[in-house]
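Working notes for the structure below.
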Amino acid sequence: MMDIEKIKEGVRLIIEGIGEDGGREGLLETPERIARMYEEIFAGMDSDAAEPLSKTFAVADNAMVLEKDICFYSTCEHHFMPFYGRAHIAYIPNGRVVGLSKLARTVEVYAKRPQLQERMTAQIADALMEYLKPQGVMVMVEAEHMCMTMRGVKKPGSKTVTYVSRGVFAEQENLQTTFFALIK
């Protein structure tokens with residue numbers, strides 16, 4: 001559970017720490033605004049992928065299911081700066097599929113936390129393996145990190161790509177090749 005008062009007090013200290021006047025008109029409500037924003041952008045802290053992945057449907061065909069270009073926004077745990085991009089998810093069912101919107105909801109569960117892209121990619125794949133019990137999963141995440149764009153090395157447009165494969169995707173290179181061809 002988030003402690004809104006602690007967040008507001010922390011923001012007040014940051015405002016003072018950078019040499020600003022917290023009593024200035026434009027900054028008076030900033031601690032409250034940031035606290036409300038944190039409730040939204042860190043909503044995944046109290047979420048579990050079991051919820052969106054719990055309702056499945058029987059299928060006769062176990063052909064690959066691919067949902068690509070799932071937009072997400074997350075926050076780098078090292079700098080508390082945004083990173084954002086697209087996730088691509090494929091799985092080979094084992095007699096059951098989940099609604100396509102539930103894949104996007106699963107991405108949101110993990111994106112809405114202080115996060116590392118590498119961890120988030122694996123968490124999405126592992127949740128699908130645990131709750132859907134498919135034959136295999138592949139997840140690829142492409143993201144731009146503001147900690148690289150507006151500070152530090154200042155390289156706007158650079159993207160970080162991470163991917164993980166589980167089950168038959170890890171065992172069968174042809175499935176990975178098909179996945180990469182389909183997401184282009």
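The values are calculated or read from the model by the stated rules, or taken from the named source; none is laboratory data. Note that the structure is predicted; figures quoted are calculated from it, not measured. FYI the Cβ positions are ideal-geometry reconstructions off the backbone, even for glycines, and counts take in every protein chain you see. SASA here: full protein model, heavy atoms, side chains in, ligands and nucleic acids out. Shrake-Rupley method; radii C 1.70, N 1.55, O 1.52, S 1.80 Å.
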If every Lys and Arg gets +1 and every Asp and Glu gets -1 at its Cβ, then about the Cα centre the chain yields a dipole, in debye to the nearest 20, of 540
Just the accessible area for Lys6, please: 1.4 Å probe, Å², rounded to the nearest 10? 150
All alpha-carbon distances of the range 91-132, grouped into 10 Å bins from 0, give the whole-percent distribution 27, 55, 17, 1
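How high is the relative contact order of the range 68-115, in percent, counting Cα pairs under 8 Å that sit 6 or more residues apart?
Normalised by residue count, the contact order of the range 68-115 is 49 percent.
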For the chain, build the charge dipole from Cβ charges (+1 Lys, Arg; -1 Asp, Glu) around the Cα centre, then report which of Ala60, Ala125, Gly157 sits farthest towards its positive end. Ala60
Length gain on complete extension for the stretch Ala181 to Arg96, per 0.36 nm per residue less the alpha carbon to alpha carbon distance? 28.2 nm
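At R0 = 22 Å, how high is the FRET efficiency between Glu29 and Cys71 if r is their beta carbon distance? Nearest 0.05 is fine.
Working: r = 29 Å, r/R0 = 1.32.
Rounded to the nearest 0.05, the efficiency is 0.15.
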How many percent of the alpha carbon pairs in the range 1-82 exceed a separation of 18 Å? 63
Restricting to DSSP H runs of at least four residues, report the calculated mean residue ellipticity at 222 nm for the chain, -39500 (n - 2.57) per run over all residues, nearest 500 deg cm²/dmol. -12000 deg cm²/dmol
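State, as an integer percentage, the relative contact order of the range 1-147 based on alpha-carbon contacts under 8 Å between residues 6 or more apart. Write out the running numbers ahead of the final one.
On the way: 239 pairs, mean separation 38.1, N = 147.
Relative CO of the range 1-147 lands at 26 percent.
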Each residue of the range 171-184 in turn: what ³J(HN,Hα) in whole Hz from Karplus with 6.51, -1.76, 1.60 and θ = phi - 60°, glycine and Pro shown as x? 8, 10, 4, 5, 5, 5, 4, 4, 4, 4, 5, 6, 7, 7
Testing the spin-label approximation: label points 7 Å from Cα along Cα→Cβ at Arg12 and Val59. State their distance in nm. 5.4
Of the lysine pairs in the chain, how many meet both conditions: Cα atoms under 29 Å apart, and a spacing of 8 or more in sequence or different chains? 26
Distance between the C-alpha centers of the range 106-175 and the range 31-79? Whole Å please. 12
Please give the charge dipole size of the range 97-184, origin at the Cα centre, charges +1 on K and R Cβ atoms and -1 on D and E Cβ atoms. Round to the nearest 20 debye. 400
Percent of Cα-Cα pairs more than 27 Å apart in the range 33-184, please. 24
Mind checking which of Gln115, Ile14, Asn174 is farthest towards the positive end of the chain's charge dipole, using Cβ charges of +1 (Lys, Arg) and -1 (Asp, Glu) about the Cα centre? Asn174
